[in-house]
Amino acid sequence: MAAAVRHRQVEANGISMHVAEAGPAGSAAPPLLFVHGFPELWYSWRHQMGHLAALGYRCVAPDLRGYGGTTAPPEPTSYTIFHIVGDLVALLDALELPQVFLVGHDWGAIVSWNLCLLRPDRVRALVNLSVAFMPRRPAEKPLDYFRRAYGDDYYVCRFQEPGIEKEFTSFDLKRFFKLALIVQTTGSSAMSLKKMRASNKEITLPPWLSEEDISYLASVYAKTGFAGGINYYRCLNLNWELMAPWTGAKVLVPTKFIVGDGDLAYHLPGVKNYVHKGGLKKDVPMLEEVVVIKGAGHFIQQERAQEVSDHIYNYIKKFNPGVPTPTLSKL
């Protein structure tokens with residue numbers, strides 16, 4: 001379902017953010033904030049924006065720091081979770097939205113978990129896709145874990161190398177995005193630039209992805225490059241250091257979690273047990289629903305657009321349909 005999408009630049013937290021909006025613009029419409037992942041843009045939410053705008057929601061989907069039309073500071077250390085969460089809080093302030101329904105996917109899910117952890121007062125309810133909450137583990141830094149589990153060739157480890165973003169420039173970007181968006185693999189083959197470049201197989205786009213979609217992503221990334229998104233990965237250990245005061249802290253926001261059973265993030269060691277055997281509920285006490293969508297992969301909001309839109313709506317509609325207020329009655 002298409003909706004008229006409005007675009008503008010918003011000054012927030014010292015950067016200029018490109019923001020896409022759909023639906024009613026007035027304060028009477030309940031606001032929804034959509035947070036994208038890597039390698040994506042606001043565009044990943046086009047289907048949900050269309051569906052929920054038609055139901056009367058004000059849909060707001062920024063390009064995150066370092067992506068698309070939003071400022072990309074050059075220093076990798078400008079991409080900590082505090083910067084990204086700070087950007088979103090400042091964006092809400094600039095838009096005069098005291099509280100929103102929040103929807104995140106992939107890196108956007110990580111950002112959304114942390115927004116709820118740090119500023120639960122700004123979130124009425126959370127629907128997160130693909131990436132479960134990852135509690136801070138004091139005994140091991142994230143990159144040490146990834147190296148131990150997958151080796152130095154794992155894309156998260158490769159992304160630590162200075163200048164790795166230049167490797168993307170040797171790609172046909174349309175081919176890159178086709179490979180990246182339909183990947184079904186886990187472990188070291190996930191987003192392996194070497195294997196992607198060596199692949200010469202014919203790519204047939206699935207019904208949920210069009211040449212137009214691919215062209216949009218490729219045209220934007222041809223201008224911006226990939227350094228911004230890669231810098232999020234470069235801050236994993238720094239985030240671990242900075243988040244020490246929140247070790248053991250709970251996410252105290254009403255939550256629904258959705259994942260495809262073919263999602264590589266769902267098949268990382270220990271994730272299924274964590275999600276289904278009480279770990280996630282312990283860390284997110286207001287977790288109310290977990291949905292596993294059969295046969296769906298990682299880019300679930302595009303692959304199963306209508307299903308995901310329905311899941312979001314069916315969850316958030318049970319909350320006060322009027323304008324959310326700054327006070328959280330359930331917390």
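With R₀ fixed at 30 Å, the C-beta to C-beta distance from A139 to R119 puts the FRET efficiency at about 0.65. Surface composition of the chain: carbon and sulfur atoms hold 56% of the protein heavy-atom accessible area at a 1.4 Å probe.
Springs between Cα atoms under 10 Å define the GNM used for the chain, and in it the highest mean-square fluctuation of E211, E11, E241 occurs at E211.
Charging the Cβ of each Asp and Glu at -1 and of each Lys and Arg at +1, and nothing else, the dipole of the range 212-331 about its Cα centre rounds to 440 debye.
Only aspartates and glutamates eight or more places from K317 in sequence, or on another chain, were considered; those with a Cα closer than 18 Å are E288, E289, E307. Taking A72, A22, A94 as the candidate residues, the one with maximal mean-square fluctuation in a Gaussian network model of the chain, Cα springs under 10 Å, is A94. Farthest toward the positive end of the dipole of the range 272-318, out of I312, I300, P285, is the Cα of P285, where the dipole comes from beta carbon charges about the Cα centre. Solvent-accessible surface of the range 173-267, averaged per residue with a 1.4 angstrom probe and all protein chains in place: 44 square angstrom.
The slack in the chain from V291 to Q306, taken as 0.36 nm per residue of separation less the alpha-carbon distance, amounts to 3.9 nm. Partners of K201 within straight-line reach, counting lysines whose Cα lies under 23 Å from its Cα and excluding those fewer than 8 residues away in the same chain: K174, K178. Work out the charge dipole of the chain with +1 on the Cβ of Lys and Arg and -1 on the Cβ of Asp and Glu about the Cα centre, then indicate which of P206, A12, Y150 is farthest towards its positive end. Sorting the options by dipole projection puts first Y150.
Compared with the alpha-carbon gap, the fully stretched path from E241 to H7 is longer by 80.6 nm at 0.36 nm per residue. The structure-derived value of mean projected area of the Cα convex hull in nm² appears in the list [x] 17.2; [y] 15.3; [z] 18.3 under the label [y]. Charge dipole of the chain (Cα centre as origin; +1 on each Lys and Arg Cβ, -1 on each Asp and Glu Cβ, all else neutral): 600 debye, rounded to the nearest 20.
The values are calculated or read from the model by the stated rules, or taken from the named source; none is laboratory data. Everything numeric here is computed off the predicted structure, so don't read it as measured data. Note: ideal-geometry Cβ built from the backbone for every residue, glycine included; neighbour counts use all protein chains shown. To get the accessible areas, we keep the full protein, side chains included, count just its heavy atoms, and leave off ligands, DNA and RNA. Shrake-Rupley method; radii C 1.70, N 1.55, O 1.52, S 1.80 Å.
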